[in-house]
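The values are calculated or read from the model by the stated rules, or taken from the named source; none is laboratory data. These figures come from a predicted structure and were not determined experimentally. Here the Cβ positions follow ideal geometry from the backbone for every residue, glycine too, while neighbour counts run over all protein chains shown. Please note that ligands, DNA and RNA were not included when accessible areas were found on the heavy atoms of the full protein model with its side chains. Shrake-Rupley method; radii C 1.70, N 1.55, O 1.52, S 1.80 Å.
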Amino acid sequence: MSAHILVVEDEKPIREMIAFGLRRGGYEVSEAADTSRARSCIADKRPDLILVDWMLPDMSGLELTRLLKRDKETRDVPVIMLTARADEHDKVTGLDSGADDYITKPFSPRELLARIAAVLRRAAPGHDEEIIQLNGLKLDGSSHRVTVADRVVSLGPTEYRLLSFFMTHTERVYSRSQLLDRVWGGNVYVEERTVDVHIRRLRKALEEFGVDQYIQTVRGSGYRFSTKPE
Ligand code: CA
């Protein structure tokens, strides 16, 4: 079954060009010209991935992403932000909103398909079905659920992948580029600062359970997962 992608873009020629490329790439595509239509599309049929333009007439793509990531019905749907702004600050803000990736316009249909495939691969459930338990932190590979003392830790797909990698590779330091390679699957388009953004989000999610200190920064080298004190 082909994945269903929702394209939210107000500029009709761009939206149609993207939709055309995606359909040719074998995806099922829905289109929305603004965020209110996007939300009714999502309510009708939950997409497998959403492409959201940054600049939209009724609400920004950023705000839409925040809303989707706050709602438990849509939290796990990966979002790729389309942006005309190449500015680094904006990219990081985009990722902070909960977007899983961003693409700067103009982009080629080939690049778009590669990025979509990578994000869908990352979000796909269950490569490893095992349960890993470390100092009260429990990761269940079959349900993709992380719990601490039976309380569920709410994580986005990328944070889950990151934590899953760390919990299976403890006590070792990984550089940002190693993490990109292992967790993001060697996606050449993602910048190293993306790692910091997701680490920050992962720590924030773990913080209320008092286990954020397991994600340790190793100055000048990268990150390590350790249940021992730094
Ligand atoms: Ca636009």
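Tell me which residues, restricted to the stretch 26-57, are in contact with a Ser or Thr (Cβ under 9 Å, 6 or more places away or on another chain), more than 16 Å from the ligand (Cβ to nearest atom), of a type outside the set (Lys, Arg) and more than 17 Å from Val119 (Cα to Cα). Matches in the stretch 26-57: Cys41, Ile42, Asp44. Can you find a residue in the stretch 119-127 that is at pLDDT 85 or above, over 25 Å from Thr170 (Cβ atoms) and in contact with a helix residue (DSSP H, G or I) (Cβ under 6 Å, 6 or more places away or on another chain)? Taking every residue of the stretch 119-127 in turn, none turns out to be at pLDDT 85 or above, over 25 Å from Thr170 (Cβ atoms) and in contact with a helix residue (DSSP H, G or I) (Cβ under 6 Å, 6 or more places away or on another chain).
If you scan the stretch 38-54, which residues turn out to be surrounded by 15 or more Cβ atoms within 10 Å (Cβ to Cβ) and either over 20 Å from the mean Cα position of the chain (by Cα) or assigned to a strand (DSSP E or B) (or both)?
Result: Cys41, Leu49, Ile50, Leu51, Val52, Asp53.
Within this structure, Gly98 passes the test of being open to solvent by less than 70 Å² (accessible area, probe 1.4 Å), under 19 Å from the mean Cα position of the chain (by Cα) and of a type in the set (Gly, Ala, Ser). Within the stretch 1-37, being aromatic (Phe, Trp, Tyr) and either touching an Asp or Glu at 6+ places or on another chain (Cβ under 8 Å) or assigned to a helix (DSSP H, G or I) (or both) holds for one residue alone: Phe20. Among the conditions (1) over 28 Å from Ala149 (Cα atoms); (2) loosely packed, with under 14 Cβ neighbours inside 10 Å, the only one that Trp184 does not satisfy is (2). Restricting the stretch 208-230 to residues that are surrounded by 12 or more Cβ atoms within 10 Å (Cβ to Cβ) and charged (D, E, K, R), the residue that is nearest to Asn135 (Cα to Cα) is Asp212.
Results for (1) basic (Lys, Arg); (2) modelled with pLDDT under 90, shown as yes or no for each residue.
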| site | (1), (2) |
| --- | --- |
| Arg37 | yes, no |
| Arg75 | yes, yes |
| Val92 | no, yes |
| Pro106 | no, yes |
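So, Arg23, is that one among the basic types (Lys, Arg), modelled with pLDDT of 90 or more and either at negative phi or more than 16 Å from the ligand (Cβ to nearest atom) (or both) or not? Taking the combined requirement at face value, the residue satisfies it.
Within the stretch 17-36, being over 22 Å from Met59 (Cβ atoms) and of a type outside the set (A, V, I, L, M, F, W, C) holds for Gly21, Arg23, Arg24, Gly25, Gly26, Tyr27, Glu28.
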